[in-house]
Amino acid sequence: GENVEQHPSTLSVQEGDSAVIKCTYSDSASNYFPWYKQELGKRPQLIIDIRSNVGEKKDQRIAVTLNKTAKHFSLHITETQPEDSAVYFCAATFTGTASKLTFGTGTRLQVTL
Amino acid sequence: NAGVTQTPKFRILKIGQSMTLQCTQDMNHNYMYWYRQDPGMGLKLIYYSVGAGITDKGEVPNGYNVSRSTTEDFPLRLELAAPSQTSVYFCASATGQYFNTEAFFGQGTRLTVV
């Protein structure tokens, strides 16, 4: 069945450093890859997404890259700030179940001063 | 717009009791989802719906039922509560265009079964 793997499960960086979170997916026909941020006790919220017809997308300090051949996509956060501390989830939509959004297991990012 | 609204926010159930988690959205979204999130874990899909009258199972449907009689509402029913169903439940909705779009989440329902 559909599967999204996410690494690492925890990540600690110093303020100002970059953070990278990687996800792999199983269905080569997937076409939509969003990233969600969940702060403690809050609901997940979309921070950036990418579709299968582009390889990279950037929004200020956040960027996402997609490698369809290797079936993986990554979230890049530059110049990290304490408010970036949260759990980040990748997700993918699989063709044939285009309405079903499957999430990775999450990465807890801690930005230290 | 209120977005996606879930009720209740918190609930304690005794083993064997039943309850319905309510979810309503005012964005005229076709797609709606129910996820559960166990402590420190990811989001697991319970059920989803692509439109009124249509529902389908996700990866962890056992012990739950859903219905979708209107576009706005997607209630989740727990028939015989078990401690394994202690979790935070999130409802979400999306427009469901061809390439899919952002899923908006409700604020969650924290359920404890004792």
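The numbers here are math on the coordinates, done by the rules we state, and not lab data. Note that the structure is predicted; figures quoted are calculated from it, not measured. Using ideal geometry, Cβ is built from the backbone for each residue, glycine included, and neighbour counts are taken over all protein chains shown.
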tail above 16 Å in the computed P(r) of chain A, as % of all Cα-Cα pairs, reads 56 percent
Net charge (Lys, Arg +1; Asp, Glu -1) of residues whose beta-carbon lies under 15 Å from that of A:Y32, A:Y32 excluded, is +1
The lysines whose Cα lies under 27 Å from the Cα of A:K22, excluding any fewer than 8 residues away in the same chain, are A:K37, A:K42, A:K57, A:K58, A:K68, A:K71, A:K100, B:K44
In the neighbourhood of A:E2 defined by beta carbon distances under 14 Å, the net charge of the other residues (Lys, Arg +1; Asp, Glu -1) is 0
Per-residue Cβ contact counts at 10 Å, fewest first, order A:I50, B:I15 as B:I15, A:I50
Ratio for the protein assembly as shown, C-alpha Rg to 2.2 N^0.38 Å, reads 1.01
In whole Å, largest first, the alpha carbons of the stretch A:23-68 cover along the principal axes 34, 25, 13
Taking chain B, the equivalent ellipsoid from its C-alpha gyration tensor has semi-axes in Å, biggest first, of 23, 14, 13
